[in-house]
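Just below is one structure, and these are the notes that go with it.
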């Protein structure tokens, strides 16, 4: 990816331990949820309601992914996965704090559970926590073994409070093939999309999984594949099981959770945006003629699109079937033509539940309160960024340790 800053990177590594990556959610009223801190609904400006059927609570976790931690809590309390609510997922290899909710459980029951590396820092009756209700996240991140620690200060000064709002490589899957799968779905090629999901060996670093995928690609025998496909590939096995009984690739893909399928479509949207951003960075051209206003916290408000530049953030469209042609500029047209992508593709006739209308995204995201403390070869970075932006992208601007080409994530 193209960097915004020209300064030399610090080098170094992150996420050597969960404590090296601390994520603190910024709630809807602008409260930064600190670690090891007890909260009440009054402190968060939450009215609370004793008659409510949900309990809202502050979840602190270490080395747990968000859904896994909340599912473990729900299971311990005799509830299902659908009973839980949260605003956004946080990294697994991290210590994180966030607001969550659960249906049909009292605050007292919730505060009484004991699960390793999970704590409940306050609970009260209230409404369900909805996806996207937080406005951002605050981070405290250690970079260890920095080769040029002093470069951090120069880069922070050069960035001047903003950084490229790329979608992180995790958006494209660990095999970096989510874009390809999503594009095949958009092109109404469910059989090819399914086989790309099951049998693509690109970037597959697990030897057993690599061999299983290759064998399935060669033999195309789904019934036999159930015998040798690794158990940890549970979603692949769900698709294979269906195909061993019915020859219907589209319905086989539908056996996956909708959230998984949406990742493939989002990867295409994200790939187009990243390629547009990279081209603009090469040209140092961020004048789109289209902007969004700031919210009360100073972050981009994508619901407040304007043509007025003063005090606003330049945005580019996240392409969908409702994206107006007037919003598609020269950069977007060039990328879409190169990739063979059109707005109409995102209205998916064969799988309408995956159709995407489109939205906008700021080209440069704000990083509030950026700080850097140095102790030998270890740096501790602090900053606050909007929901939907990636701390890893900002850290990479400072370390410059990952220069993965956009083409690698959006290639054939």
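Under the Kirkwood approximation applied to all pairs of distinct alpha-carbon atoms, what is the hydrodynamic radius of the chain in Å? Kindly include the intermediate steps, with their values, before the conclusion.
Values: mean 1/r = 0.0434 Å⁻¹.
Final number for the Kirkwood radius of the chain is 23.1 Å.
If you find the alpha carbon centre of the stretch 171-215 and of the stretch 45-123, how far apart are they in angstrom?
So the two Cα centres are separated by 33 Å.
Please order 266, 210 by the number of other Cβ within 10 Å, starting at the fewest.
Fewest-to-most Cβ neighbours within 10 Å comes out as 210, 266.
So what's the back-of-envelope 222 nm ellipticity for the chain, counting only DSSP H runs of four-plus at -39500 (n - 2.57) apiece and dividing by all residues, rounded to 500?
After summing the helix terms and dividing by residue count, I get -9500 deg cm²/dmol.
What does a probe at residue 50 reach in the stretch 87-111, counting residues whose amide N is under 20 Å from the point 7 Å along Cα→Cβ?
Residues 104-111 fall inside that zone.
Could you tell me the calculated FRET efficiency between residue 246 and residue 17, based on Cβ-Cβ distance and R0 = 51 angstrom, to the nearest 0.05? Don't skip to the answer; put the middle values down first.
Details: r = 46 Å, r/R0 = 0.90.
Here the calculated transfer efficiency is 0.65.
For the stretch 147-282, max minus min Cα coordinate along each principal axis, in Å, sorted largest first?
Cα extents, longest axis first: 60, 34, 23 Å.
Using a basic spin-label model with each label point 7 Å from the Cα along Cα→Cβ, how many nm lie between residue 308 and residue 192?
4.8
Label points 7 Å out from Cα along the Cβ direction at residue 285 and residue 226: separation in nm?
Each label point is offset 7 Å from its Cα along the Cβ direction, giving 5.6 nm.
What three numbers, in Å, describe the spread of the alpha carbons of the stretch 103-159 along their principal axes, ordered from the longest?
Rounded to whole Å, the extents work out to 52, 27, 14 Å.
Quick one: Cα centre-to-centre distance for the stretch 23-40 and the stretch 345-368, in angstrom?
A separation of 29 Å, based on Cα centres.
With just the Cα atoms defining each centre, how far is the stretch 282-341 from the stretch 389-404? Give it in Å.
Computed from Cα coordinates, the inter-centre distance equals 22 Å.
Return the Rg/Rh value of the stretch 188-256, two decimal places, where both radii are evaluated on C-alpha atoms and Rh is the Kirkwood radius.
Details: Rg = 11.0 Å, Rh = 11.8 Å.
So for the stretch 188-256, dividing Rg by the Kirkwood Rh gives 0.93.
Work the Kirkwood hydrodynamic radius out for the stretch 18-136: mean of 1/r over every pair of different alpha-carbon atoms, inverted, in Å.
So the Kirkwood estimate lands at 13.9 Å.
Could you give the alpha-carbon Rg of the stretch 238-289 over 2.2 N^0.38 Å, rounded to two decimals?
1.84
Mean separation of Cα pairs under 8 Å and 6+ residues apart, divided by the residue count of the chain: what relative contact order is that in percent?
Dividing the mean separation by the residue count of the chain yields 21 percent.
With each pseudo-label sitting 7 Å past Cα toward Cβ, what's the residue 403-residue 218 distance in nm, one decimal?
Distance between the two pseudo-spin positions: 3.7 nm.
No lab work stands behind these numbers, since they all come straight from the coordinates. A quick note: this is a predicted structure, and the numbers were derived from the prediction, not measured. Positions of Cβ are generated from backbone atoms using ideal geometry, with glycine treated the same way; all protein chains shown enter the neighbour counts.
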